[in-house]
Amino acid sequence: MTTKWNVYESFQALLQAGPYHLALEGVLILCIIWLFTAKKKPSRLIRLTKKEEEDLIAEWIPEPLVPNPPEADHPSLNTRTVYGKVGRYIDLGTGEKVLNLGTHSYLNLGERPEVEEAALQCLHKYGVGSCGPRGFYGTTQVHLELEDRLAAYFNCEMGVLYSYGFSTIASAIPAYSKSGDIIYADEMVNFPIQKGLHASRSRIVFFRHNDVEHLEELLKEQVILDKKDPKKANATRKFMVVESIYMNTGKMCPLPELVKLRQKYKLRLFIDESITFGTLGENCRGITDYFNIPMKEVDMIMATLETTAASTGGFCVGTKFVIDHQRLSGLGYCFSASLPPMLAASVIKVIDILETEGPALMQELHDKCRQLHVALSTLPDKVELSGDDISPVKHLRLKESTGVREEDEAILRKIVEKAEKYGIALTVAAYLRDQEALPPPPSIRVTANKDLTKEEISKAFKALQQAIDDVIE
Amino acid sequence: MVAHTELPAQVPNEKILNQDQIARCSDAKSFGHARPDIEDAVYVQNGAAIPIQNGGKVIPVADGKPERKARHHKEEECSLFVAFFTFVSYGVLLLVGYIKEFFNPPSTKEKNREGYVPLYIGFESFYTRNVYRRIQDCWNRAICSVPGAYIDLLERYSPDYGWTMKLTGKVIKCINVGSYNYLGFAENVGQCHDDSEKALKQHGISSCSPRLELGTGTLHRQLETLVSEFLGVEDAITFGMGYATNVLNLPSLLGPGCLVLSDEFNHASLILGLRLSGATVKVFRHNDSEDLERKLREAIILGHPRTRRPWKKAMIVVEGIYSMEGTICDLPNFIRIKKKYKTYLYVDEAHSIGALGPNGGGVVDYYGVDPKEVDIQMGTFTKSFGAAGGYIAGSKELINHLRVHSHAQTYGVSMSPPVAQQIITAMSTIMGRNGNDEGRRRILQLSRNVKYFRQRLRQKGFIVYGHDDSPVVPMILYLIPKISMFVRELTKRGVAGVGVGFPATRITGGRMRFCLSAAHTKEMLDKILEEVDEVGHLCSAHYSSIPKSKEPIEW
């Protein structure tokens, strides 16, 4: 009823309206029509017939999945096999066991029976896998305990545990730094950090290796830019990512100077302590301990558990405000199954040991590192040594490079092979040179451990000397 | 939800078919139903599986007996009424949050960082503070036992409305339908455990070295040979972490100028790996091979959108079973498309390996296709094998390429020996090499459990997503308060399940997820069903509106 009346009413109104009104309405309707049709401009897209489409598809020849398959004799396809435990001496299937100067267990804690026993006890209780991510029943009491212990060990509020060392570092950085932010990083940072920087989509500014002045120059440049656009600067977070001892060079970072710059330029400082966890400082708490820098000066410490802790996984420690964020935003934390409990249990035991005998063990390690350093620096001057004397990681590089990476690596590999015959196991540092931001020069990475004796060091020296003389005329 | 194939025309206007109808339809027409353009493979006719022809070679479908494969049917859609209230429910939560923060701004200020640009900005932290915080207790629960058929939860309480959680010291024993323990290998007794113990004593805990340096042990070599035999491929490579397997290997396979077609519900690790690779990624609708074909066709014809050059190569990236949806990927159609358009196929079998197929060989085994048809098979050892780590399997050339170029091989530590041993023992058990039929028993138990549980749950009137053979069983609840209520109530009644809501799902996709296991018995499933039904009545979660047959369902 009512609708009919309304239609009738409006029709009446239309009839009564003056011609100027009708004209206006007409123009409006035309406008509407024009608005709708204007979008339907013939697009520039060329329409192809079905046949042309099929031809194009048939024509397309994609690259093979693997464009340049590696040769069968590629060194990466012929890696050495270790029989049994990777300990102080390892069995490479050549008959006699050789002295291990290639793996990263600096304090040899993985060989301690109590660590193994802790892992076994946990295996008896929890089995091997955790069968779920941390969010979905993959958190065991062991994980919680280890996180608490790590936080307490570093005098921090909170720790977070990851199940793989590489993913720890590569997930922690992009959890905070997003696109639009700036990260200052040393040009020699290790590959996991580089991947973290890449994943963050932030602007990456590399400063020269351990060059604080260069860093300050870059920061000053940024200050000038910031003054021009204060609005943008107020939304740009700035980070600094360094390693305590660089895996790629064996050198320690100048932390006190970096902390000063952090304060001055309002950066957030992330340190990768993979090598120094348990091997540096009065209470072997790492580089902050070594330089007596309070934890509040550093925003986050990240480290893998694949060095001194002799297990698998990694962790980050810091304030609750910073670290808790990773439980929802650390991709490697949220979307991965948790660390097998027994691997976490062995780390708890390692922390027990570090807390009770840490300083003594560390002192022993430093002595050995220095002795090894002295020995290696007296090697024939066909090679040069890189790395600090107390660093457990040292690099031997060719003094005269052939200019071609592959050839340098081949020479080094020959030296390693020879040295193995003389009784020591070494490794040529493995790099993906086409993926690295700044590929470090080829090197033999020598690692020290605390149980090296004087005889072993001189044996290593003699073996290397002999091997170098054999290979390089 | 996105349907994989449209329903046959004879059932117009029907959103969903009931159990019997689904059965009939899928029998008559089957998946990949009478597609005119299927070229070289007709997979199922009249309900009986026939051999798949592959370039003249005939591969018999798993032990030849007629088998009903995945039923692709439309998921029951969310009614407007429910969708409205779901949005209202989020709206109320956010509104309360805004009011609260207006009067009482968040006090979580950073110490010692005055004058800094705030570390967190935006909606994400607001959502965490006001929505996630209230239901935080449903996640990250700590356990103190093997994640087997039963699980010991550590009871927690919150003294401050969810900001912090504290343990009370009490332990709650629950039936575990939250862990990915599909074949029940998460055990602290038995052969797996004994072998791992031996491996730990013999090989130590960790090599502390990457595979390319001094991290390759005898167990790693043994494991890789076994994986390649298990999957029927030329070679395999293994890594210490499943997530890292995707993230650290996709960049060595793809690069700028490559095209990737990725399923919209792919796992975060695949998405990150693809992003790091620099390839152009196009997303197609979940498990929808038609949408995939349309997008792939267009992309190949038009070439790279910026340079207009042809793509270097194209790859389709899918998962075997989707962990949140419970869907089984439509592999035969993906293989058909892959061949037609000369692309490569990457299947992430993280959830399907072990849990699907008559031999536990994942989705490839389930459809009985030739493993060589899938260029790259990836999977993890975390789920069905009760261990940790991941693998990539394929041609010798591919694996050699990865051995040289994979990031994880060069920079990541090698797999821990006892973990590797657990996988070796579990895998040999599945393959029947340990001199018993334990593996077969587990596979059978799981598949019967899955069929029984899914059908019973549907019969009770819940909306259950995914395929009938998928051990991941998502049950739709829509509203976030219902998710938390379900998780809490079920825990009280001795069932530990997982609730998932926004942002892990879409806003109207809140759900409970049950992961079934071969360790569950029929009695446990009955108990779970009973409790779920009861809680469902408490919060009226029986959303399904299709008629149900009353016929009892046999285990």
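No value in this document is a laboratory result; all are computed from the given coordinates. It should be emphasised that the depicted structure is a prediction, and the values quoted were computed from it without experimental measurement. Note: ideal-geometry Cβ built from the backbone for every residue, glycine included; neighbour counts use all protein chains shown.
Quick look at the numbers
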| item | result |
| --- | --- |
| Distribution of pairwise C-alpha distances over segment A:134-209, 10 Å bins, in % | 18, 37, 32, 13, 1 |
| Separation in nanometres of the label points that stand 7 Å from Cα toward Cβ, at A:Leu438 and B:Gln222 | 4.5 |
| Hydrodynamic radius (Kirkwood) for segment B:401-555, which is based on Cα pairs only, to one decimal in Å | 18.0 |
| Sites A:Asp451 and B:Ile121, calculated FRET efficiency, Cβ-Cβ separation with R0 60 Å, nearest 0.05 | 0.75 |
| Stretch gain in nm, segment A:Asp470-A:Glu117, where the contour uses 0.36 nm per residue and the Cα spacing is subtracted | 122.7 nm |
| 20 Å binning of all Cα-Cα separations within the protein assembly as shown, expressed as whole percents from 0 upward | 12, 42, 34, 10, 2, 0 |
| Dipole of the protein assembly as shown, positive end: most advanced residue of B:His467, B:Leu231, A:Leu343 [Cβ charges, Cα centre] | B:His467 |
| Pair B:Arg306, A:Ile57: separation of 7 Å Cα→Cβ label points (nm) | 2.8 |
| Size of segment B:102-176 as Cα extents on the principal axes (Å, biggest first) | 51, 23, 23 |
| B:Val189/B:Asp526 FRET efficiency (R0 30 Å; Cβ-Cβ; nearest 0.05) | 0.75 |
| Whole-Hz ³J(HN,Hα) from phi, Karplus 6.51 cos²θ - 1.76 cosθ + 1.60, for segment B:304-315, glycine and proline x | 5, x, 8, 8, 6, 8, x, 5, 5, 7, 10, 9 |
| Kirkwood Rh, Cα atoms: Rg over Rh of segment B:470-555 | 0.96 |
| With Cα atoms, 0 to 90° folded angle of helix A:141-153 axis to chain A main axis | 70 |
| Whole-angstrom gap from segment B:356-403 to segment A:204-248, using each part's C-alpha centre | 44 |
| Debye intensity ratio I(q)/I(0), log10, segment A:1-145, q values 0.13, 0.20, 0.22 Å⁻¹ (C-alpha model) | -0.99, -1.25, -1.29 |
| Rounded to 5, the percent of DSSP beta bridges in chain A classed as antiparallel | 55 |
| Computed FRET value (nearest 0.05) for B:Leu167 with A:Arg203, which takes r as the C-beta separation and R₀ as 41 Å | 0.45 |
| Cα shape, segment A:211-286, gyration tensor, a/c 1.5 rule | prolate |
| All-pairs alpha carbon distance profile, chain A, 10 Å steps from 0, percent | 4, 16, 23, 21, 13, 6, 5, 4, 3, 2, 1, 0 |
| Share of Cα-Cα pairs in chain B lying beyond 36 Å, as whole percent | 37 |
| Equivalent ellipsoid semi-axes, segment A:336-432, via Cα gyration tensor eigenvalues times 5, rooted, Å | 33, 21, 12 |
| Debye intensity ratio I(q)/I(0), log10, segment B:423-509, q values 0.19, 0.22 Å⁻¹ (C-alpha model) | -0.93, -1.06 |
| For segment A:42-100, the spread of Cα positions along each principal axis, largest first, Å | 78, 24, 15 |
| Alpha carbon Rg of segment B:239-336, scaled by the compact-globule rule 2.2 N^0.38 Å | 1.07 |
| Segment B:Lys451-B:Lys396, length gained on full extension (0.36 nm per residue, minus Cα span) | 16.1 nm |
| With at most 11 other Cβ atoms within 10 Å, longest stretch of chain B clear of loop GluC sites (Glu not before Pro) (DSSP) | B:115-553 |
| Sorted by Cβ density within 10 Å, fewest first, the residues B:Ser79, B:Ser447 | B:Ser79, B:Ser447 |
| Separation of the A:Asp381 and A:Trp34 label points, Cα + 7 Å toward Cβ, nm | 8.7 |
| Volume per residue of the C-alpha convex hull in segment A:206-334, rounded to whole Å³ | 124 |
| Residue-averaged [θ]222 nm for the protein assembly as shown, counting only DSSP H segments that reach four residues, each worth -39500 (n - 2.57) | -12500 deg cm²/dmol |
